[in-house]
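The structure appears right after this line, and notes come after that.
The values are calculated or read from the model by the stated rules, or taken from the named source; none is laboratory data. Everything numeric in this text was worked out from a predicted model, so none of it was measured. Glycine also receives a Cβ, built like all others from the backbone with ideal geometry; neighbour counts cover every protein chain displayed. SASA here: full protein model, heavy atoms, side chains in, ligands and nucleic acids out. Shrake-Rupley method; radii C 1.70, N 1.55, O 1.52, S 1.80 Å.
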Amino acid sequence: MKDPDDPHAVLGLRPGATREQVDRAFRALALRHHPDAPGGDRAAYARVRHAYEALAGSRARAGPGAERAAPPRRGVPIPVRVRRARPRRGADLTAPLRVGLPLAVHGGTADLDLGGGDTLTVAVPPGTEHRARLRLPGRGAPGAHGGAPGDLVVTVLVADHPVFRRVGRDLRATLPLGYAEAVLGTEAAITALDGRVLRVPVPPGTAQGATITLPGQGVPGRGGTGALVLAVAIDVPAGPLSADQRAALEHLGAALPAPRKEPRR
């Protein structure tokens, strides 16, 4: 059984190794364990150096014809070339951020859950589209050997809205109207995406499927703000009519002109 403290065992050599073999083994182990090297081990380096000095100072031959190890030069440091690791930038990380349509259209801030109870406040620009990516510099994985951290790339996922949907820079919704309102015209009220109440002028004779466009009430962007496009839906009364209501409708139907062949769009 080999003695772990034997200088030959420390350097990984067999007894009788030549001076050249001793030097070569020491250089390899010194580079690996030097305290200034990545993953260096000061204690292991000291054992390797002690073993080298012990063998280099011995005058025993390594074998027939082999050279004798020269006595060590005590106190003189042995030069070791250490390749310092270069700084390496950290990796980019990704995370999803779920927001509602009002926040994506008008902008604001949202909290991103990082796990473990940690959150990060993310600024969402006005007009952000579904699956848009926001890059947060320096919020990714840490760098190595003094390198800069990576970035955090956030993918914005915009949830569906029960009333409005986005089409490019426009917002679209349905405007329900009663039969009398569509025939006679009216000023309807609709609550906008940001909570404002908008007054919508409905001209007389508005047909089912007609569209009413409100410029500047859509999605903001570099090319300006889009429009709010409302599709008219005639709300037909449900359920049985009373005798008076039926008579009134029959009288009105007889008095009105025949229906148009093509609905007005």
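Label the stretch 160-265 by shape, choosing from rounded, prolate and oblate, from the square roots a ≥ b ≥ c of the eigenvalues of the Cα gyration tensor; if a/c is under 1.5 it is rounded, and otherwise prolate applies when a/b is larger than b/c, oblate when it is not. Prolate shape, in that a/c is at least 1.5 and a/b is the bigger ratio. Annotation: peptides 213-225, 194-206, ranked by per-residue average of other Cβ atoms within 10 Å with the highest first, follow the order 213-225, 194-206.
Quick one: compute the contact order of the chain, relative version, from alpha carbon pairs under 8 angstrom and 6+ residues apart, as a percent.
Numbers: 472 pairs, mean separation 33.1, N = 265.
It comes to 12 percent, rounded to a whole number.
Atom-type composition of the exposed protein surface of the chain places 53 percent of the accessible area on carbon and sulfur (1.4 angstrom probe). I need the shape label for the stretch 202-264. Rule: rounded when a/c is under 1.5, else prolate if a/b > b/c, else oblate, with a, b, c from the alpha carbon gyration tensor. Here the stretch 202-264 falls in the prolate category. Taken one residue at a time, the phi angles of the stretch 190-204 give Karplus couplings (6.51, -1.76, 1.60, θ = phi - 60°) of 9, 8, 6, 4, 8, x, 6, 9, 9, 9, 10, x, 10, x, x Hz. Gly and Pro are set to x. Rounded to the nearest 0.05, the FRET efficiency derived from the C-beta distance between His106 and Ala254 at R0 = 45 Å is 0.35.
Pull up all non-local amide H partners of Leu114: gap of 5 or more, or a different chain, and H-to-H distance under 5 Å with H placed in the peptide plane. HN-HN under 5 Å from Leu114: Thr119, Leu120. In this structure, the amide hydrogen of Val202, modeled 1.01 Å from its nitrogen in the peptide plane, lies closer than 5 angstrom to those of Thr186, Glu187, Ala188, counting only residues at least 5 positions away or on a different chain.
Residues whose amide H lies under 5 Å from that of Val124, counting only those 5 or more places away or on a different chain, are Gly108, Thr109, Ala110; hydrogens are built 1.01 Å from N in the peptide plane. Shape of the chain from the C-alpha gyration tensor: prolate (a/c of 1.5 or more and a/b above b/c, with a ≥ b ≥ c the square roots of its eigenvalues).
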